[in-house]
Amino acid sequence: IEIPSTIGGDTYGADPHTLYTTVVLTQANPELMVTYPNGGEHFIVGDTETITWNTVGGVDNVDIDISRDGGDTWDSLATNLANTGSFETTVDGPGTIHGLFRLSDSRMSSWINMALWSISSAAAVPRA
C-alpha cells in the first residue's frame, strides 16, 4: 500500500512536496485456542460432547487430536474439519484422568488445552 503525505514548505519559502511511504501488511501466524473443555471436566463414555475453539488468522480447516496420557501420545479424533468453531463427538474409552485435546491447522499452528479433564466408563452412583 502506498500512502502519500504532503509536507509543507520550510521557513525559507521552499515549495511543499509529497512523499510516498510504502506499508507492507503481513498476515500474522494463525492462532487456535480450545475453549471447551478447558480443564476439570468429567466425561462419561457414550455421552455426546461438543469441543469448541476460537481461531484468528485465516484458518480454513482444523484437525483435532486426543491424548489420554497427558500429552505423551496423541490419536487423531477428526481431520480436515471446516473451521466452524465446534465439533460434536461421542465420548469413547478407555477412561483417563489425563485427557487433553490438541487443535491444529494445515500450517502446523496448534493449541493444546493445558488443563486435564477425565473420562470414565460409567457415571458415579450416589450412595444411599
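The values are calculated or read from the model by the stated rules, or taken from the named source; none is laboratory data. Quantities reported herein were computed from a predicted structural model and do not represent experimental measurements. Cβ coordinates were reconstructed from backbone atoms using ideal geometry, including for glycine residues, and neighbour counts include every protein chain displayed. Ligands, DNA and RNA are stripped out before the accessible areas are found, and what is left, the full protein with its side chains, is counted by its heavy atoms. Shrake-Rupley method; radii C 1.70, N 1.55, O 1.52, S 1.80 Å.
Residue selection: Ala82 fails the criterion of being at pLDDT below 90 and of a type in the set (A, V, I, L, M, F, W, C). One residue stands out in region 85-118 among those that are farther than 21 Å from Asp47 by Cα and among the small types (Gly, Ala, Ser): the one that is modelled with the highest pLDDT, namely Ser104. Does region 8-30 contain any residue that is surrounded by 14 or more Cβ atoms within 10 Å (Cβ to Cβ) and either within 30 Å of Ser121 (Cβ to Cβ) or modelled with pLDDT under 90 (or both)? Yes: region 8-30 contains one or more residues that are surrounded by 14 or more Cβ atoms within 10 Å (Cβ to Cβ) and either within 30 Å of Ser121 (Cβ to Cβ) or modelled with pLDDT under 90 (or both). A Cβ distance below 8 Å, combined with a sequence gap of six or more or placement on separate chains, defines the contacts here; from region 54-80, residues that are over 15 Å from Met114 (Cβ atoms) and part of a strand (DSSP E or B) reach residues that are at pLDDT below 90 and charged (D, E, K, R) in the pairs Thr55/Glu31; Thr55/Asp105; Val56/Glu31; Asn61/Asp105; Val62/Asp105; Asp63/Asp105; Ile64/Arg102. Take the residues in region 82-111 that are among the aliphatic types (A, V, I, L, M) and open to solvent by 40 Å² or more (accessible area, probe 1.4 Å), then tell me which one is farthest from Leu32 (Cα to Cα). That would be Ile97.
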